[in-house]
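Notes follow the structure.
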Amino acid sequence: MKRINWYLLLGTSLLGLSVIAYLVQIAVFRRTADTFFYLLQDLAFVPVQIFIVTLILNSLLARREKQAMLKKMEMAIGAFFTEVGTALLGSLAQFDGNDAAMTQAIASNDWSAQGFERAGKYVRAHKYQIDSQRGDLAQLKALLLDKRTFMLRLLENPNLLEHESFTDLLLATFHLTEELALRADLRHLPKADYNHLSTDMKRAYVVLIGEWLAYVKHLQADYPYIFSLIVRTNPFDAQATPIFQ
């Protein structure tokens with residue numbers, strides 16, 4: 001209400017000043033017809049000004065702001081995969097009983113447009129067989145706890161709120177981190193608890209793979225030199241090496 005009153009007061013004051021200025025002009029120069037002529041001329045140009053400022057300039061500024069936001073968001077996503085995402089992919093893959101099929105499908109990808117499409121379809125159709133007792137839970141827990149502070153800082157980034165799937169990834173990863181952190185001994189848990197952890201791991205793993213593919217595709221289009229390194233360190237390729245052969 002106070003803001004509305006403030007706008008109303010400002011608008012009334014500006015209109016009052018304008019009326020006073022026109023009255024002074026008429027009183028001093030005694031040219032009422034000219035005054036109204038230029039007043040109407042100015043009013044006739046108002047719609048054009050609104051069109052230029054509101055529709056064109058605002059649109060350009062909004063587009064520039066969105067591009068800047070996307071740039072910051074892509075940098076944050078890149079930092080995530082550099083710090084924790086790539087290592088997390090390798091760690092979670094060991095819990096997938098059907099990992100060999102996933103590895104073969106992505107490691108042999110030719111990274112063309114058709115290749116990305118095939119990989120995306122495969123990830124969505126893949127029969128995940130996540131078993132929390134299959135791999136090293138202690139190692140996974142240590143990785144997530146070590147990077148928890150870093151991921152907390154990512155959640156504080158307002159730009160990431162515009163990226164729904166990546167936000168889902170962070171939330172799923174955080175949930176898995178908390179589940180593991182609250183269990184002191186991961187070697188002696190009830191079967192039902194291991195099943196619960198398997199579900200949490202699968203949730204994070206599925207979203208993580210999808211985001212990784214989207215990230216790699218973005219790098220190929222905009223940052224080919226980073227894309228080259230990502231492909232040479234492909235977490236799904238056991239033969240991958242950053243060293244050029």
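The values are calculated or read from the model by the stated rules, or taken from the named source; none is laboratory data. Since the structure is predicted, the reported quantities are computational estimates derived from the model, not experimental observations. Positions of Cβ are backbone-derived with ideal geometry, glycine not excepted, and every protein chain shown enters the neighbour counts.
Among the residues of the stretch 140-156, none qualifies, meaning not one is in contact with a strand residue (DSSP E or B) (Cβ under 9 Å, 6 or more places away or on another chain) and within 21 Å of Ala100 (Cα to Cα). The sole residue among Leu140, Leu161 that is in the same structural domain as Thr86 (by TED's automatic domain parsing) and more than 19 Å from Phe236 (Cβ to Cβ) is Leu161.
Scanning the stretch 143-199 for residues that are more than 27 Å from Thr82 (Cβ to Cβ) and of a type in the set (Phe, Trp, Tyr) returns a single hit, Tyr194. I need the full set of residues from the stretch 225-239 which are of a type outside the set (Asp, Glu) and closer than 17 Å to Met102 by Cα, in order please. Answer for the stretch 225-239, where residues must be of a type outside the set (Asp, Glu) and closer than 17 Å to Met102 by Cα: Val231, Thr233, Asn234, Pro235, Phe236, Ala238, Gln239. Taking each residue of the stretch 98-123 that is in contact (Cβ under 8 Å) with a residue 24 or more places away in the chain and looking for partners that are surrounded by fewer than 14 Cβ atoms within 10 Å (Cβ to Cβ) with beta-carbon atoms closer than 6 Å, six or more apart or interchain, yields Asn98/Lys127. Here Phe166 meets the list (1) at pLDDT 90 or above; (2) within 19 Å of the chain's Cα centre (by Cα) almost entirely, failing just condition (1). Mind listing just one residue for me: the one in the stretch 108-130 that is among the aliphatic types (A, V, I, L, M) and within 25 Å of Leu144 (Cβ to Cβ) and, of those, surrounded by the fewest Cβ atoms within 10 Å (Cβ to Cβ)? Filtering the stretch 108-130 for residues that are among the aliphatic types (A, V, I, L, M) and within 25 Å of Leu144 (Cβ to Cβ), the one surrounded by the fewest Cβ atoms within 10 Å (Cβ to Cβ) comes out as Val123. Being assigned to a helix (DSSP H, G or I), assigned by TED's automatic domain parsing to the domain that holds Ala214 and touching a Lys or Arg at 6+ places or on another chain (Cβ under 9 Å) holds for only one residue in His196, His175, and it is His175. Within the stretch 15-23, none of the residues are closer than 30 Å to Phe150 by Cβ, loosely packed, with under 15 Cβ neighbours inside 10 Å, at pLDDT 75 or above and of a type in the set (Ser, Thr, Tyr).
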